[in-house]
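Trainee: Dumping the structure here so I can ask a few things about it.
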Amino acid sequence: MDDRLYQIRKTILQMLSDRGYLVNPLELEQTKEEFKRSFAPDGQNISREAMTIFYVKKKDPTKQIYVFFPEDPKVGVKPIRKYVEMMKERQVARAIIVVQQNITAFAKQALNEFSQAKNIQLEQFNEAELLINITHHQLVPKHTLLAKEEKSELLQRYKMRESQLPRIQLNDPIARYFGLERGDVVKIVRPSETAGRYVTYRLVV
């Protein structure tokens, strides 16, 4: 279990770094032994609650994120309500909840209701999804989120509307990894035997 949680936390830290959050390089290089010393208070069992993460964006410190690791195998409404209260106290608008199993139907409904009513974003990942970093797979091309100005320049350059761009679904694993939102545009660079590289753009829908 230690190895599993170690890898999950490592993937989360890589994800946050790729999203532009200020992650200490030393944390990215943390060894399994260091991980256990940090998160196993009794020297034996890893405390998921102690693994809670808080980071800010490099370019905009007002954009902050929590990552929660609930202790309960199946998450209900109560821990979600507790996390929302923590977010309100620190005025944090975004969080990731890493669950061991699928959350209950009531908890899923609560996620949606809290997101709409509290003006926050709550993302959910299963631990199994984070055992490997999908962006490190050799068949996955490089994805880069365009800034708003870059998106406008792209549309002007090709004299097109955003609806004319190829699409990527909001629930696509890559879109979820980068925390993309509807209306975002990603630049995708693939290797090409003839041109060296092949560049495409996709609109998140």
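The values are calculated or read from the model by the stated rules, or taken from the named source; none is laboratory data. Since we're looking at a predicted model, the values are computed, not measured. Glycine also receives a Cβ, built like all others from the backbone with ideal geometry; neighbour counts cover every protein chain displayed.
Trainee: Give the residue, chosen from 116, 138, that is assigned to a helix (DSSP H, G or I) and either surrounded by 12 or more Cβ atoms within 10 Å (Cβ to Cβ) or over 14 Å from the mean Cα position of the chain (by Cα) (or both).
Mentor: So the residue among 116, 138 that is assigned to a helix (DSSP H, G or I) and either surrounded by 12 or more Cβ atoms within 10 Å (Cβ to Cβ) or over 14 Å from the mean Cα position of the chain (by Cα) (or both) is 116.
Trainee: Name, by its number, the condition in (1) in a helix (DSSP H, G or I); (2) over 23 Å from residue 64 (Cβ atoms); (3) among the aliphatic types (A, V, I, L, M) that does not hold for residue 132.
Mentor: Condition not satisfied by residue 132: (1).
Trainee: Can you give me the number of residues within segment 54-105 that are over 18 Å from the mean Cα position of the chain (by Cα) and part of a helix (DSSP H, G or I)?
Mentor: Residues meeting the conditions: 11.
Trainee: So, in segment 143-190, of the ones that are in contact with a helix residue (DSSP H, G or I) (Cβ under 9 Å, 6 or more places away or on another chain) and among the basic types (Lys, Arg), which residue ends up nearest to residue 21 (Cα to Cα)?
Mentor: For segment 143-190, the residue satisfying everything is 176.
Trainee: Right, another one. Considering only residues that are within 19 Å of residue 140 (Cα to Cα) and either of a type in the set (Lys, Arg) or loosely packed, with under 11 Cβ neighbours inside 10 Å (or both), look in segment 151-190 and name the one that is modelled with the lowest pLDDT.
Mentor: Ranking the qualifying residues of segment 151-190, first place goes to 190.
Trainee: Sticking with this one: Of everything in segment 52-86 that's of a type in the set (A, V, I, L, M) and in contact with a strand residue (DSSP E or B) (Cβ under 6 Å, 6 or more places away or on another chain), which residue is farthest from residue 12 (Cα to Cα)?
Mentor: 75
Trainee: Can you confirm whether segment 74-84 contains a residue that is more than 29 Å from residue 105 (Cβ to Cβ) and surrounded by 15 or more Cβ atoms within 10 Å (Cβ to Cβ)?
Mentor: The answer is no, given that none of the residues of segment 74-84 is more than 29 Å from residue 105 (Cβ to Cβ) and surrounded by 15 or more Cβ atoms within 10 Å (Cβ to Cβ).
Trainee: Condition (residue is more than 27 Å from residue 116 (Cβ to Cβ), of a type in the set (Ser, Thr, Tyr) and crowded, with 17+ Cβ neighbours inside 10 Å) applied to segment 11-33: is it met by at least one residue?
Mentor: yes
Trainee: Okay, moving on. So which residues in segment 11-52 are touching a residue at least 24 places away in the same chain (Cβ under 8 Å), over 12 Å from the mean Cα position of the chain (by Cα) and within 28 Å of residue 146 (Cα to Cα)?
Mentor: Across segment 11-52, the qualifying residues are 22, 23.
Trainee: Follow-up. Kindly indicate whether residue 147 is closer than 30 Å to residue 77 by Cβ, without any contact (Cβ under 8 Å) to a residue 60 or more places away in the chain, outside the structural domain of residue 101 (by TED's automatic domain parsing) and of a type in the set (Gly, Ala, Ser). Write out each step before concluding.
Mentor: Numbers: closer than 30 Å to residue 77 by Cβ: no; without any contact (Cβ under 8 Å) to a residue 60 or more places away in the chain: yes; outside the structural domain of residue 101 (by TED's automatic domain parsing): yes; of a type in the set (Gly, Ala, Ser): yes.
For residue 147, the condition - closer than 30 Å to residue 77 by Cβ, without any contact (Cβ under 8 Å) to a residue 60 or more places away in the chain, outside the structural domain of residue 101 (by TED's automatic domain parsing) and of a type in the set (Gly, Ala, Ser) - is not met.
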